[in-house]
Amino acid sequence: MTRLSVNINKIATLRNARGGNNPDVIQVALDCERFGAEGITVHPRPDERHIRYADVRALKEVVKTEFNIEGNPMEASFIELVMEVRPDQVTLVPDALGQITSNHGWDTIQHQGLLQALIAQFKEVGIRTSIFVDPVMEMVEAAATTGTDRIELYTEPYAEQFFKNPTQAVSAYRKAAFRASQLGLGVNAGHDLSLENLAFFKANVAPLDEVSIGHALICDALYYGLENTIQMYKRALK
């Protein structure tokens, strides 16, 4: 079974646009769980332009499914937050400071030592680790020697190519997931997965432990409603 983790950053962006607490990020997370999501993902950034560090602490107290925190471990404040909150999973993303959204995976060869040290620190306190990687065989193979539990395949290139040639778009991901499995790694995926491209990705990429979806899911919820949208995404993962 592939688990659906809902990234609620966009809910926090909407709240922050007007101040106050509408929409209520905590309540939305609880509703996502109630509507069938198997996890909640957040990606706090130092400027707190969407999810705030206080949100992360509050969510830890109430989330009953899997709690996944994504972020850039080059930021000391991020490491401190993760070590304090101790989520079920931490996903390490190589964002630059001030970056609008994630746009590439780790160079797991160049940053091998850094990743080994970070992952050992998180695993020592019982946090499952995942690292963001592109579907490049060398990067997947080097990821296996960092000590990580999982990789998260960065899927924006797949989404961009999907409508032109879906078979070609998914090819590298299918190979990367298979190789990761051979090396004993779990496989997550995320970034620009949507109702249009998710079912095809699921049908062609195995194993696939978890997908983390935020932007497209929240956009769809504006039309279909949050509960219905979550169920639509879950059906695409069957």
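The values are calculated or read from the model by the stated rules, or taken from the named source; none is laboratory data. A quick note: this is a predicted structure, and the numbers were derived from the prediction, not measured. Neighbour counts run over all protein chains shown; Cβ positions are idealised from the backbone, glycine included. To get the accessible areas, we keep the full protein, side chains included, count just its heavy atoms, and leave off ligands, DNA and RNA. Shrake-Rupley method; radii C 1.70, N 1.55, O 1.52, S 1.80 Å.
List of remarks:
- Within segment 106-130, considering residues that are not polar (S, T, N, Q) and not in a helix (DSSP H, G or I), the one farthest from Gly190 (Cα to Cα): Val125
- Hits in segment 59-81 - residues which are under 28 Å from Thr2 (Cβ atoms) and in a helix (DSSP H, G or I): Leu59, Lys60, Glu61, Val62, Phe78, Leu81
- Scanning segment 1-30 for residues that are open to solvent by less than 30 Å² (accessible area, probe 1.4 Å), touching a helix residue (DSSP H, G or I) at 6+ places or on another chain (Cβ under 7 Å), in contact (Cβ under 8 Å) with a residue 24 or more places away in the chain and not hydrophobic (A, V, I, L, M, F, W, C) gives a single hit, Thr2.
- Total residues in segment 131-152, condition outside any loop (DSSP other than H, G, I, E, B) and in contact with a strand residue (DSSP E or B) (Cβ under 7 Å, 6 or more places away or on another chain): 9
- Looking only at residues in segment 22-58 that are in a helix (DSSP H, G or I) and β-branched (Val, Ile, Thr), the one that is nearest to the chain's Cα centre (by Cα) is Val56.
- Gly184 vs. criteria in a loop (DSSP other than H, G, I, E, B) and open to solvent by 40 Å² or more (accessible area, probe 1.4 Å): yes
- Only one of Gln161, Gln112 that is without any contact (Cβ under 8 Å) to a residue 12 or more places away in the chain and farther than 25 Å from Tyr53 by Cβ: Gln161
- Picking from residues in segment 187-238 that are surrounded by fewer than 20 Cβ atoms within 10 Å (Cβ to Cβ) and of a type in the set (S, T, N, Q), the one that is nearest to Thr13 (Cα to Cα) is Ser194.
- Tally of residues being closer than 15 Å to Lys10 by Cα and not hydrophobic (A, V, I, L, M, F, W, C) across segment 54-78: 2
- Gly36 open to solvent by 10 Å² or more (accessible area, probe 1.4 Å), modelled with pLDDT of 95 or more and small (Gly, Ala, Ser): yes
- Qualifying residue in segment 109-117 (condition: among the β-branched types (Val, Ile, Thr) and crowded, with 21+ Cβ neighbours inside 10 Å): no
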